[in-house]
Amino acid sequence: MDNDSPNEKSHHNEESTSGENKKNLIDEKSYLRAVIKEVFRLYPPAPILVPRETMEKCTINGFEIQPKTLVHINAWAIGRDPEFWKDADKFVPERFLKSEIDVRGRHPELIPFGIGRRGCPEMTMGMAMVDIMLANLLHAFDWKLPPGMKEQDLDFDMMPGLTMPKKNALCLVAKPVQC
């Protein structure tokens, strides 16, 4: 994984913001947060959100929806929609560095946890856990590809399903960082 990979940038960002004078380490992780948002954009925890039933007749994108109709929202397709995202199929965490878009359901182009009052009730705790775990993994280990493997050999194909697990396991070598 080359020097300008998200792993290297996140690790450098993690090292440059950890110190005694930093009052809130997690808030200083702008690049790490951008990486997390980009992962959730491309790989939402649940690609098809929990269906909702309409209470009254409404119109969505020009389609008339009758009362008591189940509506399914495809978060995976929204996260890859070129109408919302330039280079929609590419992993580009930098798109979030100067963006107000977050994963909390306030922006319809990024809704990995649902939207509005029907969003995931544990989203805040889940995001905090992802922030902390990823920051700790980047701080404690230097991540490399296995010998003989190149970045272009990485496979990000997903299996269809409720949570879309990876089709093939991701293999990386974690070398402990000396403090």
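When Asp142 is tested against the conditions (1) more than 28 Å from Val173 (Cβ to Cβ); (2) at pLDDT 90 or above; (3) of a type outside the set (A, V, I, L, M), the lone failure is (1). Based on this model, can you work out whether Arg95 counts as modelled with pLDDT under 95, exposed (fewer than 11 other Cβ atoms within 10 Å of the Cβ) and among the basic types (Lys, Arg)? Considered against the rule, which asks whether it is modelled with pLDDT under 95, exposed (fewer than 11 other Cβ atoms within 10 Å of the Cβ) and among the basic types (Lys, Arg), Arg95 comes out as no. On the basis of being part of a loop (DSSP other than H, G, I, E, B) and under 14 Å from the mean Cα position of the chain (by Cα), does Glu100 make the cut? When the stated conditions are applied, Glu100 does not pass them. Of everything in segment 108-149 that is part of a loop (DSSP other than H, G, I, E, B) and under 14 Å from the mean Cα position of the chain (by Cα), the residue that is farthest from Pro47 (Cα to Cα) is Glu109. Between Met127, Met133, Met164, Met123, the distinction of being without any contact (Cβ under 8 Å) to a residue 60 or more places away in the chain and surrounded by 15 or more Cβ atoms within 10 Å (Cβ to Cβ) belongs to Met123 only. Of the residues making up segment 136-153, those that are surrounded by 14 or more Cβ atoms within 10 Å (Cβ to Cβ) and closer than 30 Å to Gly105 by Cα are Leu137, Leu138, His139.
Residues of segment 150-164 include at least one that is modelled with pLDDT of 90 or more and either in a loop (DSSP other than H, G, I, E, B) or of a type in the set (A, V, I, L, M, F, W, C) (or both). Scanning segment 49-78 for residues that are touching a residue at least 12 places away in the same chain (Cβ under 8 Å) and either touching a Pro at 6+ places or on another chain (Cβ under 6 Å) or part of a strand (DSSP E or B) (or both) returns Arg52, Glu53, Thr54, Leu70, Val71, His72, Asn74, Ala75, Trp76. Scanning segment 165-175 for residues that are part of a strand (DSSP E or B) and at pLDDT below 90 yields a single hit, Lys166.
The values are calculated or read from the model by the stated rules, or taken from the named source; none is laboratory data. In this text the structure is predicted, and so the values were computed from the model without any measurement. Using ideal geometry, Cβ is built from the backbone for each residue, glycine included, and neighbour counts are taken over all protein chains shown.
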